Structure formats: C-alpha cells, structure tokens
Amino acid sequence: MSRFSGRRFAAKVSAIGSYTLITCLVLATASTVVMAQAGQLDPSFGTNGIFSTTFSNSAPFATSVALQSDGKIIVGGEAGNPGIVVRLNTNGTLDTSFGTGGVVSIQYADVENFTVGVAVQSDGKILAVGTGLPQGGHLVRLNTDGSTDTTFGDNGSVFLELTPSFLALQPNGMILVNAGPGFEQAPTLSRYTSAGQIDTTFGNGGSAPLLVAAATIALQSDGKILLGSGGTVGVIPSSGSLARYNTNGSIDTVFGVQGQVSDLAGAEAVGVQSNGQVVTAGAVVSNVSLSGNGAGFGVDSYFTSGFPIFLFGTHGGSVTPFPNFLTSNATSMVVQPNNYIVAAGQAAVNADSSVFALARYVPTGVLDNTFGTGGLVTTSFGSDTTASIAALALQSDGKIVAVGQASNGGFVVARYLGQ
C-alpha cells in the first residue's frame with residue numbers, strides 16, 4: 001500500500017470513527033430527550049429535583065409560593081415560632097443574598113406564627129401575609145434583599161384584626177387580603193393600595209363582607225374576583241362553593257345564584273382558563289365502602305356565568321383516585337398557557353402515610369396521559385411519612401414548582417418538568 005493510499009485509508013477510518021462518535025452522541029441525546037417526560041422531577045433543581053430542610057426545627061412547613069421576574073422562587077411558611085419567607089435560586093439552592101442565609105423571619109402575632117401568602121410586586125418588592133395566636137396578623141412588605149420596607153403601611157406592615165389565609169395582587173398593584181371569620185365578625189376581603197393604605201373605594205370603607213369564609217382566590221382577566229370555600233375536612237371530602245365579586249367588592253349577582261354556585265369538589269383551588277372558563281379542584285368520594293370511603297381529586301368546570309360545563313369530564317366534573325392510595329385531595333392548581341390543568345395535593349394510604357400527588361388534565365377534563373403515569377404523579381418521602389403539597393407556581397419555561405411539607409423532611413420545594 002502506498003503512503004498516499006495509507007493516508008487515504010487512515011482518513012477514511014478517522015471519518016468513520018467521527019461519524020460513529022457523532023451518531024452515538026445523537027443517539028445519547030435523543031435517549032435523554034425521550035427519558036425526560038412531563039411530570040418527572042427536574043434533576044437540575046435542588047437534590048434530584050427537591051429542596052428540603054428542617055431549618056433546625058422539628059416541624060417546619062411551606063404554605064405559599066411566588067416567582068420573581070428573574071426566576072428566583074419566594075416561599076412562605078413556618079419554622080418554629082417565627083413565620084418565614086425563603087428565597088431560592090433557580091437551581092434550588094438558598095439565595096444567601098436574601099435575609100439571613102436566604103431566610104427572613106417575621107413575627108406576625110404573639111405565638112405560632114406562620115406565613116400564609118406571598119406575592120411579588122412589579123418593582124420586585126415582596127409581600128407576605130401571616131398569622132398566629134391570638135387571631136389576626138400582619139401584611140408585610142420586604143425589600144429585594146429581605147429587609148423590611150419601612151415605607152409600606154405603618155413602618156413596614158399593616159395590622160389585620162382577623163386571621164388571613166391568602167393574598168392576591170391585582171394587575172394595577174392593588175393588594176387583596178382575606179380575613180376571618182372572627183367572634184361575631186363576618187369574613188371579609190380587604191383591599192390595600194401598593195403603599196399599604198386601605199382602599200376606601202372597595203367594599204365598605206375598604207372591606208367587603210363575604211358570603212362564606214374563603215379558602216382560595218383567583219382573578220379573572222376583567223378584574224372580577226373568584227373565591228372558593230369549603231372542601232376536605234381531614235380526609236373526608238365535603239362540598240363547598242364558588243363565589244364571584246365585582247372589582248369594587250360588591251357581589252356579582254349575575255354569577256350563579258345571587259353570586260355563588262355550589263361546588264362538589266369543594267373549591268380548595270380555583271383557576272381561570274384563557275377563554276374565561278373557571279375550574280376548581282378539591283376532593284370527591286371515588287369509592288363507597290363499609291370499611292371506609294375512598295376519595296380522589298375532584299375537578300369541576302364552569303362557564304363565566306357560573307353554569308356548569310357538562311361536557312367537561314363526566315357531566316361537568318372529573319373524579320381521579322390514585323391507584324394504591326385510599327384517599328387523595330387537591331389543594332392547589334395552576335392553569336398552563338395551553339389551558340391544561342395541573343392539580344396537586346396529597347394521596348394517602350392512611351393517616352400516617354401520604355405522598356405529594358399531582359394530576360394533569362386536558363382542557364376537556366380528561367387526564368393527560370403524557371404527564372407522569374397516565375396523567376398522575378406521586379412523590380414519596382419515605383414509608384410512614386406524611387407529605388402534602390400546599391401551593392403551586394408555573395415558571396415561564398413551563399416547569400411546575402410545588403411547595404409543602406414532609407414529616408421527615410420538613411420544608412419542601414419540588415420542581416417538576418412541564419413538557
């Protein structure tokens with residue numbers, strides 16, 4: 001073989017080797033893409049998709065979540081007596097530039113403090129509302145570094161006479177906070193300006209009386225306010241109601257029957273699809289037995305008038321039990337841009353063993369088989385461990401952030417692939 005022929009042969013072998021290497025890389029990449037499925041934990045977040053810590057406390061928990069414009073994650077909860085607000089980087093690590101090592105402690109009341117709601121204003125400042133014992137609490141605003149914003153309300157906070165359970169930000173920057181009920185006091189919804197002053201144009205001097213005590217809130221694109229109430233007591237499903245209020249705090253009497261509709265699922269969570277249709281999530285009995293009824297996620301759907309959408313699910317609703325779990329209930333929800341619905345909460349074998357549980361539905365109320373296993377996802381934190389999701393947030397890239405608690409892991413934030 002001539003030297004020239006040898007070089008040509010070597011070049012040919014080299015080319016074949018390169019082609020083989022490229023092919024292997026392509027196949028490996030394709031395999032990775034195939035393996036990554038919606039509903040799987042995001043391996044780029046925390047440890048195998050999960051951030052968890054006890055904050056040196058026996059039983060901390062997360063209650064609420066909001067996202068900053070830069071993707072950082074704000075989480076409210078409790079760790080011992082003080083309520084806390086935590087900020088995580090996008091990779092699921094504590095953001096040490098926030099508060100003390102990523103954590104801000106807030107005293108809302110005398111004892112048993114915990115944050116029940118968080119939100120991020122357009123200027124990046126962070127709102128937190130919390131409660132404790134005795135009843136009442138505070139609405140607090142933090143600067144972007146976690147320090148108290150003393151320009152808000154009265155030296156950084158607004159005192160609340162009744163116990164709050166959520167807050168919401170309207171597009172114009174107004175702040176909605178619920179309260180109560182209290183002793184001989186009806187539940188209310190109050191509105192504050194972005195500076196922390198009561199908005200006297202809302203309701204009666206800034207507060208609107210509610211038809212029933214509300215558990216959750218959602219805002220329509222036209223500014224009308226949806227409030228859900230009722231739901232699961234322990235592991236026993238209970239029906240609830242969905243009510244709508246006008247932007248000025250008055251009851252929207254064109255919705256349902258004098259402003260409200262009965263909701264079989266319990267309306268523990270409320271969402272609005274891009275076409276204006278309303279969806280709720282909670283729990284519904286899925287199996288009747290003398291030894292104890294089973295329960296599954298319940299998801300209902302309504303037209304903007306409050307009339308049930310009978311073509312959604314089965315006759316207007318979906319009931320979703322989780323295989324191998326006696327009961328499950330949804331406590332939170334997000335609606336994706338394609339109107340797919342993600343509901344989340346817990347699935348329990350018994351009172352001492354439960355897991356994170358998520359289900360995704362197509363807009364017609366049918367489980368999305370491309371999500372998890374047959375539309376369902378569960379995340380266990382070990383045997384004889386209780387765990388539950390308290391709140392969800394949807395990132396701009398479609399990933400799903402879930403916050404809650406696990407009895408052996410404490411304060412938990414998990415991130416799931418959305419597509």
Problem - All Cα pairs of segment 57-161, percent lying beyond 24 Å - result: 15 percent
Exercise for the section: Please identify, among L167, L94, L127, the residue showing maximal mean-square fluctuation in a Gaussian network model of the chain using a 10 angstrom Cα cutoff. Expected result: L94
Fill in the blank from the handout: Counting sequence-distant residues (5 or more places) and residues on other chains, those with an amide H built under 5 Å from that of F166 are N178
Exercise for the section: Please compute the Cα-Cα pair-distance distribution of segment 91-240 with 10 Å bins starting at 0, giving whole percents from short to long. Expected result: 11, 38, 35, 14, 2
Problem - More than 38 Å apart - percent of Cα-Cα pairs taken over the chain - result: 23 percent
Exercise for the section: Could you list which residues have their amide H under 5 Å from that of L160, counting only those 5 or more apart in sequence or on another chain, with H placed in the peptide plane? Expected result: G137, H138, L139
Fill in the blank from the handout: Expected sort for 287-296, 336-345 on mean C-beta neighbours within 10 Å, highest first, is 336-345, 287-296
Fill in the blank from the handout: For segment 130-135, Karplus-derived ³J(HN,Hα) couplings (6.51, -1.76, 1.60; θ = phi - 60°; whole Hz; x for glycine and proline) come out as x, 8, x, 10, x, 4
Handout entry: Residue-averaged 222 nm ellipticity for the chain, from DSSP H runs of 4+ at -39500 (n - 2.57), nearest 500
Key = -3000 deg cm²/dmol
Fill in the blank from the handout: Expected vector for segment 357-368, Karplus 3J(HN,Hα) from phi with 6.51, -1.76, 1.60 and θ = phi - 60°, integer Hz, x for Gly and Pro, equals 9, 9, 9, 10, 10, 6, x, 8, x, 9, 4, 8
Problem - Over segment 232-283: Rg over Rh, Cα atoms, Kirkwood Rh - result: 1.03
Practice task
Normalising by the residue count of the chain, find the relative contact order in percent from Cα pairs under 8 Å and 6+ residues apart.
Solution key: 12 percent
Fill in the blank from the handout: Expected vector for segment 256-266, Karplus 3J(HN,Hα) from phi with 6.51, -1.76, 1.60 and θ = phi - 60°, integer Hz, x for Gly and Pro, equals x, 9, 6, x, 8, 10, 6, 10, 5, 6, x
Handout entry: Three-way shape call for segment 261-419 based on the alpha-carbon gyration tensor, with the a/c threshold at 1.5
Key = oblate
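Read-outs: derived from the displayed coordinates by stated rules, not from any lab. Keep in mind that this is a model prediction, so the values were computed, not measured. Note: ideal-geometry Cβ built from the backbone for every residue, glycine included; neighbour counts use all protein chains shown.
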